[in-house]
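Below is one structure, written out as structure tokens; the observations come after it.
The values are calculated or read from the model by the stated rules, or taken from the named source; none is laboratory data. The structure displayed is predicted, hence computed values, not measured ones. As a convention, Cβ positions derive from the backbone with ideal geometry for all residues, glycine included, and neighbour counts pool all protein chains shown.
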């Protein structure tokens with residue numbers, strides 16, 4: 001097997017680990033809520049077991065060991081020996097976190113210090129030793145062998161160990177040959193370990209008249225002197241495990257036979273009652289064809305199936321629900337691009353037909369309308385491919401809440417809602433960071449300590465609710481807590497102290513709440529290592545805005561706060577306002593727009609050499625002439641013949657953009673300018689209009705800061721000139 | 001990708017010859033993706049004068065370089081005969097606005113003459129050699145040098 005194939009299988013393993021981890025966590029959370037039916041417990045057990053099995057094949061010892069401990073505890077729950085009490089579940093959930101960490105570390109090739117999770121491991125182990133039962137440790141050795149990819153590098157390095165004398169008996173069964181295995185290869189592999197004396201026993205070969213051409217009649221006796229440990233010898237036969245009678249004697253000592261291994265295996269899986277280890281082994285191997293290198297999940301599942309009939313049912317259910325395929329994202333993106341072009345083309349065609357003046361009732365128009373509907377449906381379906389449920393994201397948050405509850409000594413319960421809500425993969429990925437920060441804030445600043453809560457007449461356990469829902473073509477994510485709410489006097493005092501507002505500023509409650517989003521604001525008196533890492537809510541707000549989203553806050557003293565985010569479902573299209581500037585069409589992202597105004601006489605005031613401000617309800621906001629700013633014209637536009645668009649930047653600053661006129665509001669497909677040209681100051685991206693022409697999408701933040709720089713630059717220029 | 005004259009000397013190579021103003025130029029046909037008619041471009045703010053803007057090339061945003069302006073000859077007045085030569089240089093796809101495509105030349109590397117030693121900056125920067133074809137002089141343009149790289153840096 002080449003290195004590439006190895007890497008590919010490894011990648012598949014870790015991909016599947018992700019799925020298993022998510023499955024496991026879901027199950028555990030469900031168990032935590034009291035659903036301890038065998039199906040749920042089995043699902044969790046299976047997930048952990050699959051990870052362990054796969055990890056064994058890749059020799060990820062730490063992962064295997066921890067998974068094994070965890071699995072044992074789960075098995076106790078499964079077999080009813082351990083009651084899944086709240087404490088037990090807490091330990092299990094922490095173990096799940098550690099397992100996820102170990103998987104991540106193994107994937108990235110990092111080492112995790114065993115001491116960092118030794119506590120959790122001990123806790124989990126303690127769960128199973130309560131009953132005073134001994135755990136069969138050797139099982140760890142054998143488990144991974146069940147799924148074997150037939151990797152050549154599985155054989156351990158020869159060590160300087162003393163030379164062992166092995167007597168190996170090898171009697172293939174017909175299945176061995178049926179499965180395409182070759183005895184000579186196995187014997188050759190064996191002789192690589194050391195000096196081998198091979199003798200063939202042909203005594204069982206019947207006469208020609210009775211011989212079965214598909215039968216197996218030969219057996220081999222090999223005398224091997226090798227430095228390799230017995231495991232290495234056994235590994236040679238991994239390919240044909242169950243397809244042959246194998247006996248290995250080391251230095252005169254008989255080794256564990258297949259049947260004994262099977263017995264241990266069955267015992268470890270909590271079903272030692274089978275009493276027919278022979279059957280177990282045959283079944284296991286009849287479903288396990290190492291040559292086809294099946295996905296670890298399947299192998300483990302079938303193995304479990306051989307041992308436990310309950311699991312078989314559960315497996316059938318799992319198979320039914322898992323009708324997914326893996327597709328590279330590149331392919332999906334290509335498809336999305338093509339469909340985007342189709343939509344543009346269709347729009348262009350419609351426009352041409354209208355220009356060509358066909359009669360309204362003509363079949364051409366009807367056909368076009370049908371085409372339009374179809375293309376829209378195709379576009380939506382294609383976008384749906386990129387869509388992913390927010391479930392994994394929410395699961396990460398529940399972990400963060402658990403960790404925080406541990407470190408802060410608070411009692412917090414996270415409730416999630418609408419986990420199945422789907423949104424573009426990129427949105428999901430880029431939401432992780434701001435969401436983490438907000439969850440940390442909610443637990444760290446929002447929820448009070450148990451004592452404070454009791455004093456306030458609340459239950460000592462705080463609640464954080466995380467919900468997602470689709471609302472008018474956008475996804476709305478809300479994080480609410482039932483904590484103390486925003487301490488407005490404190491926020492106000494802090495803002496004054498930091499010079500963000502003047503001491504006599506008149507601020508409404510919501511104005512004060514929104515101060516949290518100002519850069520350089522942090523309410524924590526001391527910087528805790530939980531949420532006060534120098535990144536404040538302003539960073540959260542900026543990342544949400546960068547995604548084309550909006551964020552708002554509402555809070556009631558003593559009852560908690562709610563942060564609400566509204567985000568586009570996809571980053572491939574954008575809701576924008578098409579405006580005309582100096583004969584060009586520009587698109588202003590709708591998320592940045594606060595309102596549009598028609599400037600009246602006397603509302604525009606000159607300030608400085610060539611800066612202007614606009615009076616909007618007694619406040620003055622800088623006026624940016626988009627035409628001159630973009631270099632489309634040299635003379636500033638007449639404000640009274642233009643339209644002002646009040647925009648808000650990520651930093652919360654308000655500016656008025658002066659444009660000639662507003663065309664309409666539309667959804668545009670985002671096209672990159674960087675690919676063939678480069679970034680352009682003040683321009684976020686491009687799009688293609690219905691007439692096939694390219695229109696530019698304004699980057700409001702950059703436009704505003706660009707205009708500021710220009711003015712400052714101008715001042716410097718005047719200074720040196722004078 | 002295909003720098004003119006980078007490979008075997010003896011092999012015959014094909015060039016697309018075109019007219020910019022009164023002068024004739026050519027580029028290696030291997031670098032040419034397609035040739036299409038002129039469509040009005042959307043101007044880009046803060047772009048160098050030789051970047052006429054961007055057009056829609058089947059869903060991709062294609063910057064247009066006015067070669068005449070790039071060579072310092074003057075702004076091209078696009079006409080019905082004006083042509084955009086779509087070229088790919090490394091991963092970048094760019095359209096070159098020229099007055100007309102004249103023909104396809106098949107010539108060998110060996111017949112390339114060095115650029116005559118003239119004072120013009122144009123010659124030094126953009127031309128890597130010349131061909132003499134039926135009494136005409138056709139300059140070989142190095143594609144890399146005409147790209148709007150400065151725009152990238154300016155961002």
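From the residues in region A:488-516 that are touching a residue at least 12 places away in the same chain (Cβ under 8 Å) and out of contact with any helix residue (DSSP H, G or I) (no Cβ under 9 Å at 6 or more places or on another chain), which one is nearest to residue A:411 (Cα to Cα)? Of everything passing the filter in region A:488-516, A:490 is nearest to residue A:411 (Cα to Cα). When residues in region A:446-494 are screened for being surrounded by 20 or more Cβ atoms within 10 Å (Cβ to Cβ) and in a strand (DSSP E or B), 9 of them pass.
The set of residues from region A:201-224 being in contact with a strand residue (DSSP E or B) (Cβ under 8 Å, 6 or more places away or on another chain) and either surrounded by fewer than 13 Cβ atoms within 10 Å (Cβ to Cβ) or outside any strand (DSSP E or B) (or both) comprises A:204, A:216, A:218. Of the listed requirements (1) closer than 25 Å to residue A:339 by Cβ; (2) in contact with a helix residue (DSSP H, G or I) (Cβ under 7 Å, 6 or more places away or on another chain); (3) facing chain B (nearest Cβ under 9 Å), residue A:690 misses just one: (3). If the condition is being touching a strand residue (DSSP E or B) at 6+ places or on another chain (Cβ under 6 Å), surrounded by fewer than 23 Cβ atoms within 10 Å (Cβ to Cβ) and within 11 Å of another protein chain (Cβ to nearest Cβ), then region B:18-44 contributes B:39, B:41, B:42, B:43.
Selection of strands (runs of 3 or more DSSP E) fully inside region A:558-673 by the criterion of at least 3 residues being more than 14 Å from every other protein chain (Cβ to nearest Cβ) and within 38 Å of the chain's Cα centre (by Cα) returns A:560-568, A:573-581, A:593-597, A:643-648, A:661-669.
Suppose we filter A:100, A:67, A:91 for residues that are more than 22 Å from the chain's Cα centre (by Cα) and touching a residue at least 24 places away in the same chain (Cβ under 8 Å); which single one remains? Among A:100, A:67, A:91, only A:91 is more than 22 Å from the chain's Cα centre (by Cα) and touching a residue at least 24 places away in the same chain (Cβ under 8 Å).
Conditions (1) without any contact (Cβ under 8 Å) to a residue 24 or more places away in the chain; (2) assigned by TED's automatic domain parsing to the domain that holds residue A:692; (3) more than 18 Å from residue A:573 (Cα to Cα); (4) in a helix (DSSP H, G or I), marked per residue:
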site	(1), (2), (3), (4)
A:346	no, no, no, yes
A:351	no, no, yes, yes
A:365	yes, no, yes, yes
A:370	yes, no, yes, yes
A:373	yes, no, no, yes
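Is it the case that residue A:82 is outside any helix (DSSP H, G or I), surrounded by 14 or more Cβ atoms within 10 Å (Cβ to Cβ) and in contact with a helix residue (DSSP H, G or I) (Cβ under 7 Å, 6 or more places away or on another chain)? So residue A:82 passes the test.
Among the residues of region A:677-688, those that are closer than 24 Å to residue B:87 by Cα and either buried (at least 22 other Cβ atoms within 10 Å of the Cβ) or touching a strand residue (DSSP E or B) at 6+ places or on another chain (Cβ under 7 Å) (or both) comprise A:677, A:680, A:685, A:686, A:687, A:688.
Here residue B:47 meets the list (1) more than 14 Å from every other protein chain (Cβ to nearest Cβ); (2) modelled with pLDDT under 90; (3) more than 24 Å from residue B:123 (Cβ to Cβ) almost entirely, failing just condition (1). Would you check if residue B:121 is over 18 Å from residue A:694 (Cα atoms) and more than 14 Å from every other protein chain (Cβ to nearest Cβ)? Yes; evaluated as a whole, the condition is true for this residue. A count restricted to region B:7-49 and to residues that are in a strand (DSSP E or B) and over 13 Å from the mean Cα position of the chain (by Cα) stands at 6.
Filtered by the rule that a residue be over 18 Å from residue B:22 (Cα atoms) and either out of contact with any helix residue (DSSP H, G or I) (no Cβ under 9 Å at 6 or more places or on another chain) or not in a loop (DSSP other than H, G, I, E, B) (or both), region B:105-122 gives B:105, B:106, B:107, B:108, B:109, B:110, B:111, B:112, B:113, B:114, B:119. Among residues of region B:50-96 being under 25 Å from residue A:627 (Cβ atoms), touching a residue at least 24 places away in the same chain (Cβ under 8 Å) and not in a loop (DSSP other than H, G, I, E, B), the one that is farthest from the other protein chains (Cβ to nearest Cβ) is B:66. Scanning region A:554-578 for residues that are in contact with a helix residue (DSSP H, G or I) (Cβ under 8 Å, 6 or more places away or on another chain), at pLDDT 85 or above and crowded, with 18+ Cβ neighbours inside 10 Å yields A:555, A:560, A:561, A:563, A:565, A:567, A:576, A:577.
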